[in-house]
Amino acid sequence: MNVPGAACAVALSAPVDARVAAPASKSVTNRMLVTAALATGDSVLLDALDSDDSRAMAAAVEALGAAVAAERRAWRVAGTAGRLRAPPQPIDVALSGTALRFVTALATLAPGPVVVTGHPPRRRRP
């Protein structure tokens, strides 16, 4: 029986060789920024998503000492080898909940106090 929208099993006679390009993701981009910021040397992030959240994360890792140069969907991050700095001003993560959680964890690696804040709606949320 053929039901529209139902899954269909097909027997294959050979292994499947395919590539699927997934769309860029702010969540993956933010995780890549954290990893690259903690790495030694330069990292190139391909297919990074340019969004408000990922720009907030990029600004946050820059405030903590990692340089970020964004060009289209390839971003270059100069890693800190895990040696972050404590910026003199608060780090504003805007409305990004992901950045807030990740930056709070990153801030524990800085050698001094780090203030992490966000826009008023972000500060009202748990």
- Query: Whose amide H sits under 5 Å from the amide H of residue 49, counting only residues 5 or more places off or on another chain, with H placed in the peptide plane?
  - Reply: 25, 29
- Message: Using each residue's phi in the stretch 17-31, evaluate 6.51 cos²θ - 1.76 cosθ + 1.60 at θ = phi - 60° and report the 3J(HN,Hα) Karplus result to the nearest Hz, with x for Gly and Pro.
- Response: 10, 8, 10, 10, 8, 8, x, 4, 10, 5, 5, 5, 4, 5, 5
- In whole angstrom, and with the biggest value first, how far do the Cα coordinates of the stretch 62-126 range along each principal axis? 33, 32, 17
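Using the heavy atoms of the protein chains and a 1.4 angstrom probe, tell me the accessible area per residue for the stretch 1-80 in square angstrom.
For the stretch 1-80, the per-residue accessible area is 68 Å².
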- Message: I want to verify the translational diffusion coefficient of the chain in µm²/s; compute it with Stokes-Einstein, Rh as the Kirkwood radius over Cα pairs, at 37 °C and 0.692 mPa s.
- Response: 201 µm²/s
- Task: Would you calculate, for the chain, the mean residue ellipticity at 222 nm contributed by helices, counting each DSSP H stretch of 4 or more residues as -39,500 (n - 2.57) and dividing by all residues, to the nearest 500?
- Result: -9500 deg cm²/dmol
- Query: So how far, in whole Å, is the C-alpha centre of the stretch 16-38 from the one of the stretch 54-82?
  - Reply: 15 Å
- Item | Apportionment of accessible area to carbon and sulfur, the chain, percent (1.4 Å) | 57 percent
- Which whole-Hz ³J(HN,Hα) couplings does the stretch 46-63 yield from phi under the Karplus relation 6.51 cos²θ - 1.76 cosθ + 1.60, θ = phi - 60°, glycine and proline marked x? 8, 6, 5, 8, 8, 9, 4, 5, 6, 5, 5, 5, 4, 5, 5, 5, 5, 4
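The values are calculated or read from the model by the stated rules, or taken from the named source; none is laboratory data. These figures come from a predicted structure and were not determined experimentally. To get the accessible areas, we keep the full protein, side chains included, count just its heavy atoms, and leave off ligands, DNA and RNA. Shrake-Rupley method; radii C 1.70, N 1.55, O 1.52, S 1.80 Å.
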